[in-house]
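J.: I'd like to ask you about the structure that follows.
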Amino acid sequence: MYPIILLSVFGVITLFLGFSKSKNVLLPSTLLFLALALVSNFVEWGQGPLLYFNDMLRVDKLTLAFNGIVLLSAFMIVAISGGFQDNADAEPAEYYGLMLFSLVGAIMMIGFDHLIMLFIGVEILSVAMYVLTGSNKRNLRSNEAALKYLLMGAFATGFMLFGITLLYGATGSFKLMAIQGFASNMPIASQSYIFYAGLLLLLIGMLFKVSAAPFHFWTPDVYEGAPTIFTTFMSTIVKTAGFAALFRLLNHTFAIYGFWWIVIAVIAMLTMLVGNIGATSQGSFKRMLAYSGISHAGYLLIALTALTKPTQNAIIFYSLAYSLSTIAAFGVLMLVSKEKTIEGQPNERYEAFNGLAKQNPLLAFVLAVSMLSLAGIPLTAGFWGKFFIFTSAAERGIMWIAVFAVLMSTVGIYYYFRVIISSYFKEGDTVKIRVAPFYQIILVLATFLTILFGLAPGIFEGLI
């Protein structure tokens, strides 16, 4: 509750700060606002489930945990944004304001207890992302990405709204508890068919947001065309909020688990296949990370397929591990691609990392740890994230999907290790890259947490 109010107020203040003569105040003020929102998020910890806005928003430990991941990710992303000084057309106040407002939508998605609240949250987050994707107005690739994202996002929203309408028609309510009661005592067949159709359409709209196949077609082009800082924001915060919303929705329709679990299972396998196979053929590191994000959506869908008692902790841990590694990887990419350009454009290909370790050992180490974590190598947070998810599938008795996921993970080792090999074992232009002190601190923090959670995965056990 408190982060929603604070972020809304801070977003407006940030826009007014844009009128000041000095733009240098925007970055520290935005970081301060995010830090205050993060602290306020845990004020209600341990107070039990609280309902706000006419019982449309639920605040419980699950909500606060996901909010914490989203706000921490946002703080780290803004910290490496550099104030957008490199772009002469940049309007930092607008960008930071939109990022703060989009977080309001993400938090609504995470804590919704009413389908209208879910829809409002999705749209607040999505509209901000459409604008930020096309923020580099002079770049045709950015314009194309924004247009694709807008058109396909609007199409997915139509499915989502139609699904909400059918669910309301079947249950007579938008509230999750009423939907749960209806699913537990399914009445006459005609109503149940409407309910099933509404749930499927709502799932389609939500699966688009998390880049699950076959609703993933927008992801590679949008990730590649958007400015890298906003791609980082999109690949972490949007995905975390989307899976938090999916978990809350499916958890309340568990009574018809036999209906939807096979649908999610098939989509999970298809998503892992498309993401991992697609990533192997990419020559662009940024585009590879887009397909990597698709594959990780598939792993998270395994947890939703199982939906056992440990699923909640598994999704939270995996989301945190994935966010830390992704922020670190994109952070290094922004530094390297800016230093090694091609025809005035950032070089985002694997070749840009050749010889990185010789003159920039810290950047190479940060990149290597993030790739090892995304690949699920032991002693990193990513390993335990996958382990917890595969364990939840085994407890449900669907070992076949866990075996398939392990096979797909071995494919991921190939393309994640390509950049490590480039950094440490290939010759290249060994330019010393200057890294701002605070930027360096964020990269080191993300790496430290990735290793810490890899060595002590049970550090948060029992808290949620």
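The values are calculated or read from the model by the stated rules, or taken from the named source; none is laboratory data. It should be emphasised that the depicted structure is a prediction, and the values quoted were computed from it without experimental measurement. When we count neighbours, we look across all protein chains shown, and the Cβ atoms used for this are built from the backbone with ideal geometry, even at glycine.
J.: What is the number of the single condition among (1) surrounded by fewer than 23 Cβ atoms within 10 Å (Cβ to Cβ); (2) out of contact with any Ser or Thr (no Cβ under 6 Å at 6 or more places or on another chain) that LEU118 does not meet?
T.: Of the numbered conditions (1) surrounded by fewer than 23 Cβ atoms within 10 Å (Cβ to Cβ); (2) out of contact with any Ser or Thr (no Cβ under 6 Å at 6 or more places or on another chain), the odd one out for LEU118 is (1).
J.: Considering each residue of the stretch 265-299, count those that are of a type in the set (S, T, N, Q) and within 18 Å of the chain's Cα centre (by Cα), and give that number.
T.: Residues in the stretch 265-299 being of a type in the set (S, T, N, Q) and within 18 Å of the chain's Cα centre (by Cα): 4 in total.
Every residue, every condition in (1) surrounded by fewer than 19 Cβ atoms within 10 Å (Cβ to Cβ); (2) polar (S, T, N, Q); (3) within 22 Å of GLN282 (Cα to Cα), yes or no:
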position	(1), (2), (3)
PHE383	no, no, no
LYS386	no, no, no
SER409	no, yes, yes
GLY412	no, no, yes
LYS426	yes, no, yes
ILE433	yes, no, no
ILE441	yes, no, no
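J.: Return the residues of the stretch 170-199 that are under 21 Å from ASN54 (Cα atoms) and either among the small types (Gly, Ala, Ser) or surrounded by fewer than 17 Cβ atoms within 10 Å (Cβ to Cβ) (or both); say none if nothing qualifies.
T.: GLY172, SER173, MET177, ALA178, GLN180, GLY181
Yes or no, residue by residue, for (1) in contact (Cβ under 8 Å) with a residue 12 or more places away in the chain; (2) over 17 Å from ARG434 (Cβ atoms); (3) in contact with a Phe, Trp or Tyr (Cβ under 8 Å, 6 or more places away or on another chain):
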residue	(1), (2), (3)
ALA329	yes, yes, no
LYS338	yes, no, no
ILE342	no, yes, no
GLU348	yes, yes, yes
GLU351	yes, yes, no
LYS358	yes, no, no
LEU363	yes, no, no
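J.: THR240: over 16 Å from ALA145 (Cβ atoms) and surrounded by 21 or more Cβ atoms within 10 Å (Cβ to Cβ), yes or no?
T.: Yes.
J.: In the set THR280, THR311, THR305, THR271, which member is in contact with a Ser or Thr (Cβ under 6 Å, 6 or more places away or on another chain), of a type in the set (Val, Ile, Thr) and either in contact (Cβ under 8 Å) with a residue 12 or more places away in the chain or over 26 Å from GLN440 (Cβ atoms) (or both)?
T.: The match here is THR311.
J.: Consider ILE302 carefully, then state whether it is over 13 Å from the mean Cα position of the chain (by Cα), part of a helix (DSSP H, G or I) and buried (at least 24 other Cβ atoms within 10 Å of the Cβ).
T.: Yes.
J.: Going by what's in this entry, would PHE230 be described as within 30 Å of ASP60 (Cα to Cα), of a type outside the set (A, V, I, L, M), assigned to a helix (DSSP H, G or I) and within 18 Å of the chain's Cα centre (by Cα)?
T.: Yes, satisfied.
J.: Which of the residues belonging to the stretch 324-344 are polar (S, T, N, Q) and either at pLDDT 90 or above or surrounded by 24 or more Cβ atoms within 10 Å (Cβ to Cβ) (or both)?
T.: If the condition is that a residue be polar (S, T, N, Q) and either at pLDDT 90 or above or surrounded by 24 or more Cβ atoms within 10 Å (Cβ to Cβ) (or both), then SER325, THR326 are the ones that fit.
J.: Quick one: count up the residues across the stretch 305-328 that are not hydroxyl-bearing (Ser, Thr, Tyr) and not in a helix (DSSP H, G or I).
T.: 3
J.: Give all pairs with beta carbons closer than 6 Å in which a residue from the stretch 20-44 that is within 23 Å of THR63 (Cβ to Cβ) meets a residue that is small (Gly, Ala, Ser) and surrounded by fewer than 19 Cβ atoms within 10 Å (Cβ to Cβ); count only pairs at least 6 apart in sequence or on separate chains.
T.: Sorted first by the residue in the stretch 20-44, then by its partner, the pairs are ASN41/GLY68.
J.: Let me ask something additional. Six or more apart or on different chains, Cβ under 7 Å: which pairs go from a residue in the stretch 237-259 that's of a type in the set (D, E, K, R) to one that's part of a helix (DSSP H, G or I) and crowded, with 24+ Cβ neighbours inside 10 Å? Could you list them?
T.: Final answer for the pair search is LYS239/GLY293; LYS239/ALA297.
J.: Identify the residue in the stretch 348-372 that is more than 24 Å from the chain's Cα centre (by Cα) and not in a helix (DSSP H, G or I) and, among all such residues, is surrounded by the fewest Cβ atoms within 10 Å (Cβ to Cβ).
T.: Restricting to residues being more than 24 Å from the chain's Cα centre (by Cα) and not in a helix (DSSP H, G or I), the top hit is GLY355.
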